[in-house]
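Worksheet: the structure to be examined is printed underneath.
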Amino acid sequence: MSYYKRFLAPQGKAFIAVPNAEVLNRRLGHIAGMLDDIQQLSDHDRLCGHKRYYTVKSLTEQVRKAGYEVERMEGIYLKPFTTEQMISLNFDRRVLDALCVVGVDYPELCCGILAQIREA
């Protein structure tokens, strides 16, 4: 992260979006015994280009270590079930939209974590 400081204007802000290891569907899968390691990448994750998962805590720690501070953190899409399960449930678009809206306030449970950061 510190590499990007040279691109940030004085008083500028940067935005980081990362996959969340503790998303609700992974938490449920782990507790149900269907996922041995909550940090384990799936084939789908690798296909999406993911190299690792983060948590709210680990992302915050890396941001601070790189000399930034988190100004705001939001969740991206509250996902209670696997992608396959979500598709099979054929939710009404309003439910999917609601999962996006509600997720903003719960980054620790969402698929992705969005952090607004600035130089410390």
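Selection over the stretch 54-108 of residues that are among the hydroxyl-bearing types (Ser, Thr, Tyr), modelled with pLDDT under 95 and within 15 Å of Leu24 (Cα to Cα) gives a count of 2. Among the residues examined, Glu84 qualifies as farther than 30 Å from Arg6 by Cβ and not in a strand (DSSP E or B). Considering the stretch 7-24, the residues that are part of a loop (DSSP other than H, G, I, E, B), at pLDDT 95 or above and touching a strand residue (DSSP E or B) at 6+ places or on another chain (Cβ under 8 Å) include one that is nearest to Glu69 (Cα to Cα), namely Ala21. If only residues of the stretch 3-17 that are among the hydrophobic types (A, V, I, L, M, F, W, C) and more than 13 Å from Gln116 (Cβ to Cβ) are counted, the one that is surrounded by the fewest Cβ atoms within 10 Å (Cβ to Cβ) is Ala9. Yes or no: the stretch 43-58 includes at least one residue that is farther than 23 Å from Asp97 by Cα, surrounded by 11 or more Cβ atoms within 10 Å (Cβ to Cβ), basic (Lys, Arg) and within 14 Å of the chain's Cα centre (by Cα). Checking the stretch 43-58: at least one residue is farther than 23 Å from Asp97 by Cα, surrounded by 11 or more Cβ atoms within 10 Å (Cβ to Cβ), basic (Lys, Arg) and within 14 Å of the chain's Cα centre (by Cα). Scanning the stretch 30-60 for residues that are touching a His at 6+ places or on another chain (Cβ under 8 Å) and assigned to a helix (DSSP H, G or I) yields a total of 0. Does Arg27 fit the bill of being touching a residue at least 24 places away in the same chain (Cβ under 8 Å), in a strand (DSSP E or B) and of a type in the set (Lys, Arg)? No.
Of the listed requirements (1) assigned to a strand (DSSP E or B); (2) aliphatic (A, V, I, L, M); (3) crowded, with 17+ Cβ neighbours inside 10 Å, Val63 misses just one: (1).
The values are calculated or read from the model by the stated rules, or taken from the named source; none is laboratory data. Since the model is a prediction, treat every value here as computed from it, not as a measurement. Backbone-built Cβ (ideal geometry, glycine too); neighbour counts: all protein chains shown.
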